[in-house]
Amino acid sequence: SMQRRLNKMVHSFHDHRLLALIDMKGFDPKEVSVTVKDGKVKVVAEHEEEFSTSRGKEYNYKNISQEISLPSGVSEDEVTYSL
């Protein structure tokens, strides 16, 4: 299940200090932007699909915008992320 997989991922990061785990299912890595500035990590992702139906063109749009403050004592250049 998805929850079991997320729990396994959290435990695999146990040696590092994990700040956040965000479900990015359905997003292409090119659609995800991560910036670290002013003591915060900002994650923004946008996905848009266009498809044709019998009624014409339809669009599916979703986005994520999340900002997480770095714990005190953590330098911005220590932040790493992976998708």
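The values are calculated or read from the model by the stated rules, or taken from the named source; none is laboratory data. Computed from a predicted model, the values in this text were never measured in an experiment. FYI the Cβ positions are ideal-geometry reconstructions off the backbone, even for glycines, and counts take in every protein chain you see. When the accessible area is computed, the model is the full protein with side chains, heavy atoms only, and any ligands, DNA or RNA have been set aside. Shrake-Rupley method; radii C 1.70, N 1.55, O 1.52, S 1.80 Å.
So between K42 and N60, what do we pick up on full extension, going 0.36 nm a residue minus the alpha carbon distance?
Going from the current span to full extension adds 4.1 nm.
Using a 1.4 Å probe and ignoring any ligands, DNA or RNA, find the accessible area of I64 and quote it in Å² to the nearest 10.
Here the residue's solvent-accessible area equals roughly 40 Å².
What ranking of L18, L83 comes out by heavy-atom accessible area, probe 1.4 Å, highest first?
L83, L18
Explain nothing, just compute: Karplus ³J(HN,Hα) = 6.51 cos²θ - 1.76 cosθ + 1.60, θ = phi - 60°, for every residue of the range 38-55 in order, whole Hz, x for Gly and Pro.
6, x, 10, 9, 10, 10, 10, 9, 9, 9, 9, 10, 10, 9, 9, 10, 5, 8
Tell me, what HN-Hα J-couplings in whole Hz come from the Karplus equation 6.51 cos²θ - 1.76 cosθ + 1.60 at θ = phi - 60° for each residue of the range 70-76, using x for Gly and Pro?
Going residue by residue, I get 6, x, 4, x, 9, 7, 4 Hz, with x marking Gly and Pro.
Highest mean first, how do 72-80, 24-32, 41-49 rank when packing is the count of other Cβ atoms within 10 Å averaged over residues?
41-49, 24-32, 72-80
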